[in-house]
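Provided herewith is a single structure, encoded as structure tokens, for subsequent inquiry.
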Amino acid sequence: MDTRAGRYFKWLLFWQQQGRCCYCGEHVVLTYRPYEGARPYAATLEHLRRRADGGTDHPSNLAMSCKRCNNTRGQRDWLSYASWRRDEF
Ligand SMILES: [Zn+2]
């Protein structure tokens, strides 16, 4: 979601989550250039409920995660993925 609204939400969530990924809790960086967005610690907008499962772009469905978590989450639902990233299993 590389739109004005998408960038705004990412910025907002960055402050709400104090610059940490919603899954692993690591610090992320806000990036503005495409080549920086490919880095593992780049901030990405995450749909908690995947769009494939009927999730929307509504703010209540958005969170900020690092690129690495965003890429490796796959089909898992976000709660079990967050626990797994934090070694809670
Ligand atoms: Zn992460």
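The values are calculated or read from the model by the stated rules, or taken from the named source; none is laboratory data. Not measured: the values here are computed from a predicted model. Cβ atoms come from the backbone with ideal geometry, glycine included; neighbour counts cover every protein chain shown. Side chains are part of the model used for accessible areas, which takes the heavy atoms of the whole protein and leaves out ligands, DNA and RNA. Shrake-Rupley method; radii C 1.70, N 1.55, O 1.52, S 1.80 Å.
In the stretch 65-76, what residues are within 13 Å of the chain's Cα centre (by Cα) and open to solvent by 50 Å² or more (accessible area, probe 1.4 Å)?
Matches in the stretch 65-76: Lys67, Arg68, Asn71, Thr72.
It is to be established whether one or more residues within the stretch 38-57 are more than 16 Å from the ligand (Cβ to nearest atom), of a type in the set (Phe, Trp, Tyr) and open to solvent by 70 Å² or more (accessible area, probe 1.4 Å).
No, the stretch 38-57 has no match at all.
Filtering the stretch 1-35 down to residues that are within 11 Å of the ligand (Cβ to nearest atom) and not hydrophobic (A, V, I, L, M, F, W, C), which residue is surrounded by the most Cβ atoms within 10 Å (Cβ to Cβ)?
Across the stretch 1-35, the extreme among qualifying residues is Tyr23.
Of (1) away from the ligand (no atom under 13 Å from the Cβ); (2) open to solvent by 20 Å² or more (accessible area, probe 1.4 Å), Leu62 satisfies all except one. Which?
Condition (2) is where Leu62 drops out.
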